[in-house]
Structure formats: structure tokens, C-alpha cells
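Worksheet: the structure to be examined is printed underneath.
Here, each number is a calculation from the coordinates, and none is a lab measurement. Computed from a predicted model, the values in this text were never measured in an experiment. Cβ atoms come from the backbone with ideal geometry, glycine included; neighbour counts cover every protein chain shown.
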Amino acid sequence: MRYRRAAPAALLCLLLVWPELAAQRVVSLAPHTTELAYAAGMGSVMVAASDWSDYPPAARRLERVASWQGVNIERILALKPDLVLAWRGGNPQRALETLAGFGIPVVALDPQSIDEMADALNQLAAYSPHPQQARQAARALED
């Protein structure tokens with residue numbers, strides 16, 4: 001009986017101290033998700049982006065894997081991302097489902113307001129190698 005009572009407490013302690021798992025290879029499928037990723041401190045782990053992802057200037061050097069014509073699923077798979085940032089309103093649903101079907105986490109970010117942009121940055125903190133930067137950017141927007 002002691003074990004059963006101690007197990008939930010031990011699990012809770014483990015979850016509280018477990019470090020956030022930062023993404024190591026990120027692909028962005030929309031210009032706004034690229035900007036949000038950089039604002040969240042993920043610039044060093046970005047491996048590809050969509051056409052028109054030109055801000056910040058460092059994003060211009062990323063390989064292009066998506067455009068208004070579609071998403072290059074084969075190339076994305078070859079890049080072996082551990083996170084794809086998407087735009088449900090602009091990326092084909094079938095492509096997002098295909099990527100997710102290969103076990104790649106797909107996070108859709110569709111902020112429509114300043115508050116939703118702050119929420120998106122807070123959401124990206126869980127994947128960022130610099131989560132504090134993401135949270136600070138979110139607070140700056142909220143302020």
C-alpha cells in the first residue's frame with residue numbers, strides 16, 4: 001500500500017523537475033511561424049522555412065521547403081526535424097497530417113491578436129533551447 005501512495009507523489013516530483021525538452025531541428029511552414037520561432041529563441045535550431053520567411057535577416061539563409069504551391073514533404077522528412085511549425089489557414093491539412101503521421105510533432109500557430117501572439121510564444125517556450133527568451137518576449141507583448 002505504501003508503494004501505491006508514494007508512486008503518484010514520486011511521479012509528480014519527477015514531472016516538476018524534468019527539464020523542458022528543447023527541439024533540435026525545427027522547420028517552419030509560414031513566415032509568421034518563422035518570426036515567432038526566432039522571437040522564442042529558436043533561431044539556432046531552425047533548419048528550413050517557407051518562402052517569404054525573411055525576418056529576421058538570418059531566416060533568409062534557411063532552406064525553403066514550402067510555398068503557396070504546397071509543402072515539400074520529402075525534403076522535410078530528409079531534414080529529420082523534431083518539430084514543424086505550421087499555419088492551419090495557409091498550409092494544406094493533408095500535408096500536416098502526413099508529417100504528423102511520420103511521428104513529427106506539428107504545432108499550428110494561428111495568432112490573431114497580440115494576446116494570442118503572447119500565447120504562441122509561451123507555447124514555443126516548451127520547445128525552445130532558450131525558454132526564458134520566449135517567455136520574456138511574451139511578457140513584452142503583454143506589457
For Lys80 and Asp143, extending 7 Å from Cα along the Cα-Cβ vector and measuring point to point gives, in nm, a value of 4.1
To the nearest 10 degrees, the tilt of helix 131-142 (Cα long axis) against the first principal axis of the alpha carbons of the chain is 70
Relative to the chain, whose Cα atoms define the longest principal axis, helix 114-125 and its Cα axis are tilted in degrees, nearest 10, by 70
Taking max minus min of the Cα coordinates of the chain on each principal axis, largest first, gives extents in Å of 60, 39, 25
Going fewest to most other Cβ atoms within 10 Å around each Cβ, Ser53, Ser113 line up as Ser113, Ser53
